[in-house]
Each structure stands twice: as structure tokens, then as C-alpha cells.
Amino acid sequence: MSAIVKAIRLAIAASLLAVGVATPVRVLAAETPLTGTATFYNDKFQGKKTSSGEVYDGAALTASHKTLPYGTKVKVTNLANNQSVVVTVNDRMKKSSKVLIEVSKHAAEELGFAKSGKAKVKLEVQ
């Protein structure tokens, strides 16, 4: 893909995201890693249904994202220690959230930020 076409696709995707259209995130993320803050689910959600209908299990490698479709596999890399894990999106975050992704407690432990509660991460759609 030429640099011009890629730049146009990224600009269109960013514009659509800015107005709340969900579908271009997969296109954007598949080509360009996204960076931002990750947090993890509080224990109080253990055993409760996610927006996809699955029951939240803190021991699983799952995540919540604003727009990525349920079932999307995402490689999450902690930029502070370069540890990474692949999670499956099974929940939806509020569009107003300033967090890029919210992962399960097990994923946060694997990424090395369970004690601090948040980390700067890079996301790559698999």
C-alpha cells in the first residue's frame, strides 16, 4: 500500500473515530499500534456478566475496549517493561472513558501493573 493511500486511510479512520463511529478502529489498529493507558477490572466484577453476555473471570485473559468488536484478539504490551499478553475483547467501555483498554486482573499481573493499577501500553490487533 502506498504511503499516500495509507495516510488517507488513517486520516479517515481517525475522523470517524472522533465522531464515535466504531468500525474503523480495526483497520487503524491493524496497521498502526495504538498507545494509551490500560487499567484492570476491580475484583467486584468477578462473576458478573460483561456486555457481550460472558461472565467476567479475573483469571482469564480478557479485556474491555470502547470500539473493537467482541472476540477481537489484541496484543497488549506494557511500554515500561516490554511485557506483553494477548487478550480477547469481551466487554465494552464507556465512550467517555480516558482509558484505552481495561484488562482482566490476570492480564494486569502478566503485564506487571497489578500493584500500580495502570500502565502506558501499546495495542496491536492480532
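The values are calculated or read from the model by the stated rules, or taken from the named source; none is laboratory data. Note that this is a predicted model, so its numbers are computed, not measured. Note: ideal-geometry Cβ built from the backbone for every residue, glycine included; neighbour counts use all protein chains shown.
Taken together, the residues in the stretch 60-94 that are part of a strand (DSSP E or B) and under 13 Å from Val125 (Cβ atoms) amount to 11.
Selection of the stretch 42-51 for residues being free of Cβ contacts under 8 Å to residues at least 40 places away in the same chain and surrounded by 16 or more Cβ atoms within 10 Å (Cβ to Cβ) yields only Phe45. Residue check: is Ala60 crowded, with 19+ Cβ neighbours inside 10 Å and either closer than 14 Å to Glu109 by Cβ or more than 9 Å from the chain's Cα centre (by Cα) (or both)? Against the criterion (crowded, with 19+ Cβ neighbours inside 10 Å and either closer than 14 Å to Glu109 by Cβ or more than 9 Å from the chain's Cα centre (by Cα) (or both)), Ala60 does not qualify. Taking residues in the stretch 60-72 that are closer than 13 Å to Glu102 by Cβ, and partners anywhere that are of a type in the set (S, T, N, Q) and outside any loop (DSSP other than H, G, I, E, B), the pairs with Cβ atoms closer than 6 Å and at least 6 places apart or on different chains are Thr62/Thr88; Thr62/Asn90.
Step by step: first the residues of the stretch 26-40, then only those that are assigned to a helix (DSSP H, G or I) and over 16 Å from Lys66 (Cβ atoms), then the one that is modelled with the highest pLDDT. Which residue is that? Result: Glu31. Across the stretch 98-126, the number of residues qualifying as of a type in the set (A, V, I, L, M), buried (at least 19 other Cβ atoms within 10 Å of the Cβ), more than 9 Å from the chain's Cα centre (by Cα) and part of a loop (DSSP other than H, G, I, E, B) comes to 0.
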